[in-house]
Amino acid sequence: QLQLVESGGGKVQSGGSLRLSCAASGTVFNIIRMGWYRQVAGKQREMVALITRSGSTTLADSVKGRFTISKDNAKNMVNLQMSSLLPEDTAVYYCNFVSTGFNVWGQGTQVTVSS
């Protein structure tokens, strides 16, 4: 069974940087898209960044110019480099893999940005 394992969350001061990574354990076929989402308690989960199999990326307006998404096909891994972090970036971040046969979520990793 495919599982996604996230790492890299933590606490940082405003203006700081963090790098999140998400690796798939198990066999992965025909990935269409990988992405990062975030959720604050009491609010809907929102898209942060997406990257397709071809490498095309989509970023939420709130993170453009600050966050970068990348992938390593050989390692079935997706990364999120976050810079110039703001207190409003505080959330639980989830990675997501979508293929023709599955839609899998990671367990979430907490990112806390203090002012």
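What to note about this one:
- Single residue of the stretch 82-104 satisfying the filter (closer than 21 Å to Ile32 by Cα and crowded, with 16+ Cβ neighbours inside 10 Å) that is farthest from the chain's Cα centre (by Cα): Ser99
- Taken together, Thr27, Thr58, Thr68 contain a single residue that is outside any strand (DSSP E or B) and of a type in the set (S, T, N, Q), which is Thr27.
- The stretch 1-47, residues that are over 27 Å from Ser115 (Cβ atoms), of a type in the set (A, V, I, L, M) and either open to solvent by 60 Å² or more (accessible area, probe 1.4 Å) or touching a His at 6+ places or on another chain (Cβ under 8 Å) (or both): Val5, Ile32
- Selection status of Ala74, in a helix (DSSP H, G or I), more than 21 Å from Ser114 (Cβ to Cβ) and not charged (D, E, K, R): yes
- Whichever residue in the stretch 30-43 is over 20 Å from Met82 (Cβ atoms) and in a loop (DSSP other than H, G, I, E, B) and, among such residues, is modelled with the lowest pLDDT: Asn30
- Total residues in the stretch 48-75, condition modelled with pLDDT of 95 or more, aliphatic (A, V, I, L, M) and exposed (fewer than 14 other Cβ atoms within 10 Å of the Cβ): 0
- Residue match in the stretch 91-114 (condition: in a strand (DSSP E or B), touching a Phe, Trp or Tyr at 6+ places or on another chain (Cβ under 9 Å) and either of a type in the set (D, E, K, R) or without any contact (Cβ under 8 Å) to a residue 24 or more places away in the chain (or both)): yes
- In the stretch 105-115, the residue that is nearest to Met34 (Cα to Cα) out of those that are of a type in the set (Val, Ile, Thr) and buried (at least 19 other Cβ atoms within 10 Å of the Cβ) is Thr109.
- The number of residues in the stretch 52-81 that are within 10 Å of the chain's Cα centre (by Cα) and over 20 Å from Gly16 (Cα atoms) comes to 1.
The values are calculated or read from the model by the stated rules, or taken from the named source; none is laboratory data. What you see is a predicted model, and the numbers here were worked out from it, not measured in a lab. Note: ideal-geometry Cβ built from the backbone for every residue, glycine included; neighbour counts use all protein chains shown. For the accessible areas, the whole protein counts, side chains as well, though only heavy atoms, and no ligand, DNA or RNA atoms are used. Shrake-Rupley method; radii C 1.70, N 1.55, O 1.52, S 1.80 Å.
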